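In what follows, a single structure is set out as structure tokens and then discussed.
Values quoted throughout were computed directly from the atomic coordinates according to the rules given, and no laboratory measurement underlies them. Note that the structure is a prediction, hence the values are computed from the model and not measured. Cβ: placed from backbone, ideal geometry, glycine included. Neighbour counts: every protein chain shown.
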Amino acid sequence: MTQHSRRSFLQTTSAITVAAALGGYSKLAMAAEPGQPKLGIQLYSLRGYKVDAALKHASELGFQQVEFYSGMLSTDASDEEIALTKKKVEDLGMSISAHGVNKLTKDADKNRAIFEFAKKLGIPCITADPDFDSFDNLDDLVKEFDIRVAIHNHGPRHRYNKAIDVLRVVEGHDERIGACADLGHYIRSGQTAPEVIRLLKGRLYGIHLKDFAEMQDKSEGVILGKGHLNVEEVFSSLQSVGFPSNGALSLEYEENPKNPLADIRECVAVAKAAMKSSAQ
């Protein structure tokens, strides 16, 4: 960053942090910059709350979209529960970006049920951990439903440890099969966010915005920007690779599950300042 842009970023961060401390953001203040994706939250971050309270907190924190997980909305939910959930989210001024992380296997019928759920939920993307022998039936399903599959990494010892592990398995498959890059877990795997985003260009459909203190397996989650995540570079890199405007950009803060709101506000302040700075 130039000296001017860094000064602008710090000034914006300070202003947004003050606004957060005073009680949150208006919807206008949280609007995405032109051409940028909407900032959302993976609801696992709010797992200490019942779903209605979690959604209310997400809205009050200023998020524009939410990514569900099965603990708050099961993939075998009834049509009535799905419709009611969609209405609750819409009434709070948000949208649903994705659902996951879901297991996908060689069982095409079970995978189809998840795609049918996703269609009813109206989401463009399923965040997933697919088995290696699932990809042939996934090719058929992403074509039929026109819904993306975004492969989620879980850090060291996971089969999708590095970005190259995702690229290897999607090669030769439908372009709607790509990645949800958990930037925190990639830090644990020894990869930086700009490197990962550049490598996954064209196949990057989701981001879990997360920071860790150390680039090693056993590390502590921290507020954005306090570890190894350069948040400004994340957003400038997403812009440079053409991250889709309907991509699932989800803050995921896993610490302090019983009372995470103050920490999440601070993460939002950092993220919004970085988004604004990268758009200048």
Would you confirm, using the coordinates I've provided, whether D174 is part of a loop (DSSP other than H, G, I, E, B) and within 17 Å of R203 (Cβ to Cβ)? yes
Mind telling me which of the residues S278, S240 ends up being under 27 Å from P124 (Cα atoms), among the hydroxyl-bearing types (S, T, Y) and surrounded by 20 or more Cβ atoms within 10 Å (Cβ to Cβ)? S278
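Residues in region 74-116 that are of a type outside the set (D, E) and farther than 23 Å from D131 by Cβ: how many?
Just the residues of region 74-116 that are of a type outside the set (D, E), to begin with: 74-75, 77-78, 82-89, 92-106, 108, 110-115.
Still in the list and also farther than 23 Å from D131 by Cβ: 77-78, 82-89, 92-97.
Qualifying residue count for the region: 16.
Each row is one residue, and each column tells you yes or no for (1) of a type in the set (S, T, Y); (2) closer than 16 Å to M275 by Cβ; (3) under 16 Å from the mean Cα position of the chain (by Cα); (4) in a helix (DSSP H, G or I).
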residue	(1), (2), (3), (4)
C180	no, no, yes, no
H185	no, no, yes, yes
Q191	no, no, no, no
I197	no, yes, yes, yes
K218	no, no, no, no
G227	no, no, no, no
E232	no, yes, no, yes
S237	yes, yes, yes, yes
On the basis of being within 24 Å of I96 (Cα to Cα), surrounded by fewer than 22 Cβ atoms within 10 Å (Cβ to Cβ) and under 16 Å from the mean Cα position of the chain (by Cα), does N246 make the cut? yes
Which residue pairs have Cβ atoms closer than 9 Å, lie 6 or more positions apart in sequence or on different chains, and pair a first residue in region 225-254 that is on the phi > 0 side of the Ramachandran plot with a second residue that is acidic (D, E)? G225/D211; G225/E232
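Could you please let me know if T85 is among the β-branched types (V, I, T) and touching a residue at least 60 places away in the same chain (Cβ under 8 Å)?
Working: among the β-branched types (V, I, T): yes; touching a residue at least 60 places away in the same chain (Cβ under 8 Å): no.
So T85 fails the test.
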Can you spot a residue in region 164-171 that is touching an Asp or Glu at 6+ places or on another chain (Cβ under 9 Å), under 25 Å from I41 (Cβ atoms) and of a type in the set (A, V, I, L, M, F, W, C)? no
Region 57-70 - residue that is in contact with a helix residue (DSSP H, G or I) (Cβ under 7 Å, 6 or more places away or on another chain) and not in a helix (DSSP H, G or I) and, of those, surrounded by the fewest Cβ atoms within 10 Å (Cβ to Cβ): Y69
Can you pull out every residue in region 169-212 that is in contact with a Pro (Cβ under 9 Å, 6 or more places away or on another chain), aliphatic (A, V, I, L, M) and within 23 Å of Y253 (Cα to Cα)? L204, I207
Residues (more than 20 Å from D211 (Cβ to Cβ) and either within 19 Å of the chain's Cα centre (by Cα) or basic (K, R) (or both)) located in region 49-64: K50, V51, A54, L55, K56, H57, S59, E60, Q64
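Mind checking whether some residue in region 90-99 is within 24 Å of D263 (Cα to Cα), of a type outside the set (G, A, S) and in a strand (DSSP E or B)? Even if it seems obvious, please write down each step before you answer.
The first filter runs over region 90-99 and keeps only residues within 24 Å of D263 (Cα to Cα), leaving 92-99.
From the residues that got through so far, the ones that are of a type outside the set (G, A, S) too are 92, 94, 96, 99.
Checking which are in a strand (DSSP E or B) leaves us with 96, 99.
There is at least one residue in region 90-99 that is within 24 Å of D263 (Cα to Cα), of a type outside the set (G, A, S) and in a strand (DSSP E or B).
Scan region 220-240 and give yes if some residue there is more than 15 Å from F63 (Cβ to Cβ) and touching a Cys at 6+ places or on another chain (Cβ under 7 Å), otherwise no.
Scanning region 220-240 turns up at least one residue that is more than 15 Å from F63 (Cβ to Cβ) and touching a Cys at 6+ places or on another chain (Cβ under 7 Å).
Regarding region 196-210, can at least one residue be identified that is closer than 25 Å to Q64 by Cβ, surrounded by fewer than 17 Cβ atoms within 10 Å (Cβ to Cβ), of a type outside the set (V, I, T) and out of contact with any Cys (no Cβ under 8 Å at 6 or more places or on another chain)?
Yes, some residue in region 196-210 is closer than 25 Å to Q64 by Cβ, surrounded by fewer than 17 Cβ atoms within 10 Å (Cβ to Cβ), of a type outside the set (V, I, T) and out of contact with any Cys (no Cβ under 8 Å at 6 or more places or on another chain).
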